[in-house]
Amino acid sequence: MTTHQKVWDEIDTNSERVTALTQEMVRIASVNPKFEEQQGINNETLVADLVKDRLKTSGYETESWEVFPKRPNVIGTLPGNEDKSLILCGHIDTVPVGNRANWTVDPFGAEIANGRLYGRGSVDMKAGLAACIAAVEAIMAAGIELDGRLSVHAVVDEEAGGFGAMDAVAKGHLAKSAIIAEPTWDKVVPAEGGLEWVRVTLKGRSGHAGMRYNDIFPQPDVPGRLTPAINAIEIATRFLCALKEFEASRCRTNYHPLCPPGLSTINPGVIHGGVGIGEDGLPLIRTNPAMTPDRVTLDLDLKFLPNESSAKVRADFEAFVKAFSELDPWTRDNPPEVLWELGGLHFPPMDTPVDHPLVQSLVSHHTALGEAPEIRGFDAVTDAAHYAGAGVDACIYGPSGDGFHGDNEYVDLASLHRTTKVIAAAILDICGTR
């Protein structure tokens with residue numbers, strides 16, 4: 001019997017291991033408090049304690065610290081060869097339930113029906129984290145000792161930007177390779193585009209709206225004429241039209257073989273217009289249309305491809321903004337301001353080669369248990385970005401389900417069982433055995 005088969009038999013024999021652990025985690029409401037804060041639902045600490053106790057029981061060296069108050073990361077480590085080191089990562093925060101009336105099950109009941117385990121955070125992504133933990137437990141139960149260092153990262157705040165993973169990386173918790181067990185629906189995902197949140201502030205000149213005729217209609221330039229106001233919202237309108245053309249040019253000219261065409265989008269997500277500027281960087285007066293606005297802030301979600309660099313993307317965008325400002329005498333003298341990493345958010349790109357041993361391990365073992373998986377890039381962003389940005393060769397692989405960020409979220413149990421086996425086999429391949 002091969003080592004892999006021995007572990008797979010252990011997983012088959014004790015299939016309830018990963019199911020029960022997923023249920024335990026789902027039954028603890030751990031909604032990210034940045035989205036919704038109320039008594040009884042923001043229990044990331046309880047999930048972290050559960051994971052920490054489970055890892056300690058298996059002999060991990062554990063470390064835990066608060067990234068934000070009452071929001072701890074947990075890292076468990078099995079020491080070993082650094083050249084064969086591997087991270088298994090999952091986040092413990094979830095999005096809110098939303099409208100409970102739309103749920104046909106208890107969002108935190110972890111009910112099982114028709115081969116599905118229901119609950120908020122089931123597929124996104126407590127099941128993936130449970131699969132990582134259960135995979136190592138199966139290896140241990142089979143009496144196999146790993147050669148490479150293995151770490152399990154249970155992190156907070158992925159749903160609001162990945163600041164838990166960012167903090168873990170900043171503290172030096174790295175490895176040669178990493179599996180991020182987000183749901184991938186029978187796909188192996190070694191590539192992920194980068195993401196920037198950027199704010200553009202456009203400037204005008206304030207004035208009284210009753211004098212708008214003096215601003216837009218040619219007036220005799222006689223002594224005593226009021227200085228015309230310049231409407232920043234109208235400048236922003238021109239900017240948005242130019243931005244759409246710039247976005248289209250990026251989508252037409254940039255390409256990555258694993259990503260859908262046109263992924264390089266720039267979404268205008270939030271706009272504020274008004275007079276003055278507050279300490280928060282937003283227009284100070286935003287409720288008086290009798291004033292000509294002299295400030296507009298545009299908050300943009302700028303995506304770029306796995307094979308692009310953040311530095312080049314930023315330089316290209318700033319060149320576009322400068323070119324726009326040169327089109328008008330006012331904006332030439334009062335150019336728009338660009339602020340990167342709005343809210344501290346920045347996702348580096350991930351572009352692990354398809355022939356990387358970790359990618360090929362996941363592909364081969366998934367194929368052995370069913371059909372060959374599609375290898376593709378991820379449309380959105382995950383914590384994989386933060387590890388990739390620190391030089392870790394990362395890949396996303398996890399179970400299937402539905403309802404994530406929606407109603408009646410569930411994880412497919414057959415998929416979860418298969419995911420546990422594939423991750424276990426990949427651990428054996430990457431870490432090796434003694």
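The values are calculated or read from the model by the stated rules, or taken from the named source; none is laboratory data. Please read these numbers as outputs of a predicted model, since none were measured by experiment. Virtual Cβ from ideal backbone geometry, glycine too; neighbours counted across all protein chains shown.
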Problem - Selection from the stretch 1-58 of residues that are touching a residue at least 12 places away in the same chain (Cβ under 8 Å), of a type in the set (S, T, N, Q) and assigned to a helix (DSSP H, G or I) - result: THR3, THR19, THR22, GLN23, THR45
Problem - Boolean, VAL338 is of a type in the set (A, V, I, L, M) and in contact with a Leu (Cβ under 9 Å, 6 or more places away or on another chain) - result: no
Practice task
Can you tell me which residue among GLU409, GLU341, GLU337, GLU326 is closer than 30 Å to GLU234 by Cα, charged (D, E, K, R) and in contact with a helix residue (DSSP H, G or I) (Cβ under 6 Å, 6 or more places away or on another chain)?
Solution key: GLU326
Handout entry: Residue list for the stretch 59-106, restricted to those being among the charged types (D, E, K, R) and touching a residue at least 12 places away in the same chain (Cβ under 8 Å)
Key = GLU61, GLU63, LYS70, ARG71, GLU82, ASP83, LYS84, ASP93, ASP106
Completion exercise
Listed by first then second residue, the pairs whose first member lies in the stretch 341-365 and is of a type in the set (D, E, K, R), whose partner is surrounded by fewer than 21 Cβ atoms within 10 Å (Cβ to Cβ), with beta carbons under 6 Å and at least 6 positions apart or on separate chains, are ASP351/ASN307
Practice task
Return yes or no: is GLU196 over 23 Å from GLU341 (Cα atoms) and either crowded, with 24+ Cβ neighbours inside 10 Å or touching a strand residue (DSSP E or B) at 6+ places or on another chain (Cβ under 8 Å) (or both)?
Solution key: no
Exercise for the section: Having 1 or more residues that are more than 20 Å from SER85 (Cα to Cα) and not assigned by TED's automatic domain parsing to the domain that holds PRO183 is the bar; report the helices (runs of 4 or more DSSP H) wholly within the stretch 328-434 that clear it. Expected result: 329-333
Fill in the blank from the handout: The correct count of residues that are crowded, with 24+ Cβ neighbours inside 10 Å, more than 15 Å from the chain's Cα centre (by Cα) and in a loop (DSSP other than H, G, I, E, B) in the stretch 115-168 is 2
Exercise for the section: Could you tell me whether any residue of the stretch 303-311 is among the charged types (D, E, K, R), in the same structural domain as ARG205 (by TED's automatic domain parsing) and without any contact (Cβ under 8 Å) to a residue 40 or more places away in the chain? Expected result: no
Exercise for the section: Please verify whether the stretch 82-102 includes one or more residues that are buried (at least 23 other Cβ atoms within 10 Å of the Cβ) and farther than 19 Å from ILE180 by Cα. Expected result: no
Problem - Index of the failed condition, ASP402 passing every other in (1) closer than 22 Å to ALA178 by Cβ; (2) among the acidic types (Asp, Glu); (3) in contact (Cβ under 8 Å) with a residue 24 or more places away in the chain - result: (1)
